[in-house]
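Novice: What follows is a single structure, and I will ask about it in a moment.
The values are calculated or read from the model by the stated rules, or taken from the named source; none is laboratory data. No experiment lies behind these values; they were computed from the predicted model shown. Counting neighbours? That spans all protein chains shown, and the Cβs are built from the backbone with ideal geometry, glycine included. When the accessible area is computed, the model is the full protein with side chains, heavy atoms only, and any ligands, DNA or RNA have been set aside. Shrake-Rupley method; radii C 1.70, N 1.55, O 1.52, S 1.80 Å.
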Amino acid sequence: MSEIIKPRILRFEIEEEDAGKTIKEYLMRKVGFSSKQLSRFKYRKDGILLNGEKRYVNVPMQAEDV
């Protein structure tokens, strides 16, 4: 029997204390992703988005970004 695997979607709303951090800093330090995991995510079609748009992981974030 084959299973259909649904993609996981993680959504984070950036708080004031994390404003100014890059996407990479946030995902590695606050969420706990490894650099290898980030590499895998960023090359997927909708891997890492900031406010619905694909972005580089060195982009700084603002409070209330998603």
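Novice: Starting at the first residue of region 4-17, write each ³J(HN,Hα) from the Karplus equation 6.51 cos²θ - 1.76 cosθ + 1.60 with θ = phi - 60°, in whole Hz, x for Gly and Pro.
Specialist: Coupling constants for region 4-17: 8, 9, 8, x, 8, 10, 9, 10, 10, 9, 6, 8, 3, 5 Hz.
Novice: Work from the charge dipole of the chain (Cβ charges, +1 for Lys and Arg, -1 for Asp and Glu, about the Cα centre) and give the residue of Asn51, Ala63, Ser35 farthest towards its positive end.
Specialist: Ser35
Novice: I would also like to ask the following. State the percentage of accessible surface on the chain attributable to carbon and sulfur atoms; use a 1.4 Å probe and exclude ligands, DNA and RNA.
Specialist: 50
Novice: Separate question: In the neighborhood of Ile23, defined by Cβ-to-Cβ distances under 10 Å, what is the net charge if each Lys or Arg adds +1 and each Asp or Glu adds -1?
Specialist: Result for the neighbourhood of Ile23: +2.
Novice: Another question about this same structure. With an 8 Å cut-off on Cα pairs and a minimum separation of 6 or more residues, tell me the relative contact order of region 15-66 in percent.
Specialist: 54
Novice: With +1 on each Lys and Arg Cβ and -1 on each Asp and Glu Cβ, and nothing else charged, work out how big the dipole of the chain is about its Cα centre, in Debye to the nearest 20.
Specialist: 580
Novice: Convert each backbone phi in region 24-37 into a coupling constant with the Karplus relation 6.51 cos²θ - 1.76 cosθ + 1.60 (shift: θ = phi - 60°), then list the ³J(HN,Hα) values in order as whole Hz, x for Gly and Pro.
Specialist: 4, 4, 4, 5, 7, 7, 7, 8, x, 6, 8, 5, 5, 5
Novice: Same structure again: Could you estimate the translational diffusion coefficient of the chain from the Stokes-Einstein equation, with Rh from the Kirkwood formula over C-alpha pairs, at 10 °C and 1.306 mPa s, in whole µm²/s?
Specialist: 125
Novice: Same structure again: Can you list the lysines whose alpha carbon sits under 19 Å from that of Lys21, skipping same-chain ones fewer than 8 residues off?
Specialist: Hits, sequence-local ones excluded: Lys30, Lys42, Lys54.
Novice: Just subtract the alpha-carbon distance of Leu10 and Leu49 from 0.36 nm times their residue separation and send over the number in nm, one decimal.
Specialist: That works out to 13.0 nm of additional length.
Novice: Next up: Looking only at Tyr26, Tyr56, Tyr43, which one moves most when the chain is put into a Gaussian network model with springs between Cα atoms under 10 Å?
Specialist: Taking springs between Cα atoms under 10 Å, the residue moving most is Tyr43.
Novice: Give a quick list of GluC sites (Glu not before Pro) in region 6-54 that DSSP marks as loop, anything other than H, G, I, E or B, with at most 15 other Cβ atoms within 10 Å.
Specialist: Passing both the DSSP loop test and the Cβ count: Glu13, Glu15.
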